[in-house]
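The values are calculated or read from the model by the stated rules, or taken from the named source; none is laboratory data. Everything quoted here is computed from the prediction, not taken from an experiment. Note that each Cβ is placed from the backbone with ideal geometry, even for glycine, and that neighbours are counted across all protein chains shown.
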Amino acid sequence: MKKNTIVLLCGFIIAGAIVFLLMAATPGSSGIELTLKQLIATQDQHKNDFVTVEGNIIEKSIKWNPDKIELKFDIKDSEGNVLHTVYNGPKPDNFSEGVIAILQGSPTTKDHFKAESVKTRCPSKYEGKDVKDMKNYNPKTHKEKTSTLPKGN
């Protein structure tokens, strides 16, 4: 083989390997993101899909079994839809009522979900009054308030 052909062939192999690694490193990007209402309505269609869904944690439903490292809880949306969830893994930080849980996994039976990943997001009580109202946003005030925070190492 000519030297140019070998270099070109190696270039294609390296490019293919890079594309493969990028696709393998982002399995969640191939999943489906649904609202809680959409998931409950179309649950049978998504049994074999990797789904992302979120909702508010219902505190009285939290059942933590440290021996099995199993977390059972319910989430709900603003319309009252409820999803019963089972997660085998460590209990996330900040896991309490009112906190938004972001679940990734698969629906099982009616209104039940097997989570592979559970993340929490800060509740709205930590947001400012006008977070969604950008008309009242003042960059100068923001800079003044954040300049007093301790700097990370």
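Cβ-Cβ below 6 Å, separation at least six or inter-chain, first residue in the stretch 42-56 and at pLDDT below 90, second in a loop (DSSP other than H, G, I, E, B) and small (Gly, Ala, Ser): which pairs?
Phe50/Gly31
Within the stretch 71-91, track down each residue that is in contact (Cβ under 8 Å) with a residue 40 or more places away in the chain and either surrounded by fewer than 13 Cβ atoms within 10 Å (Cβ to Cβ) or among the hydroxyl-bearing types (Ser, Thr, Tyr) (or both).
Glu79
For every residue, the table says whether it meets (1) assigned to a strand (DSSP E or B); (2) within 27 Å of Thr120 (Cβ to Cβ).
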| residue | (1), (2) |
| --- | --- |
| Ile14 | no, no |
| Val19 | no, no |
| Met23 | no, no |
| Gln38 | no, yes |
| Thr52 | yes, yes |
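I'd like to verify a number: residues in the stretch 79-107 that are of a type in the set (S, T, N, Q) and outside any strand (DSSP E or B), how many?
Adding up the residues that qualify gives 3.
Which numbered condition in (1) assigned to a helix (DSSP H, G or I); (2) under 25 Å from Pro90 (Cβ atoms); (3) modelled with pLDDT of 90 or more is the only one that Ser29 fails?
(3)
Kindly provide the set of residues from the stretch 69-78 that are within 25 Å of Asn48 (Cα to Cα) and either assigned to a loop (DSSP other than H, G, I, E, B) or not charged (D, E, K, R) (or both), ordered by number.
Ile69, Leu71, Phe73, Ile75, Asp77
Please go through the stretch 108-125 and pick out each residue that is assigned to a strand (DSSP E or B), exposed (fewer than 15 other Cβ atoms within 10 Å of the Cβ) and of a type in the set (S, T, N, Q).
Ser117, the sole residue that qualifies.
Step by step: first the residues of the stretch 29-70, then only those that are polar (S, T, N, Q) and within 23 Å of Gly98 (Cβ to Cβ), then the one that is surrounded by the most Cβ atoms within 10 Å (Cβ to Cβ). Which residue is that?
Asn56
Checking the condition modelled with pLDDT under 65 and either over 20 Å from the mean Cα position of the chain (by Cα) or within 19 Å of Thr35 (Cβ to Cβ) (or both), which residue from Val131, Val99, Val118, Val82 passes?
From the options Val131, Val99, Val118, Val82, the qualifying one is Val131.
Sort out which residues of the stretch 32-41 are of a type outside the set (Asp, Glu) and either without any contact (Cβ under 8 Å) to a residue 12 or more places away in the chain or under 17 Å from Gly105 (Cβ atoms) (or both), and write them in order of number.
Across the stretch 32-41, the qualifying residues are Ile32, Leu34, Thr35, Leu36, Gln38, Leu39, Ile40, Ala41.
All but one of (1) over 22 Å from Glu33 (Cα atoms); (2) in contact with an Asp or Glu (Cβ under 7 Å, 6 or more places away or on another chain); (3) not charged (D, E, K, R) hold for Gly55; which doesn't?
(1)
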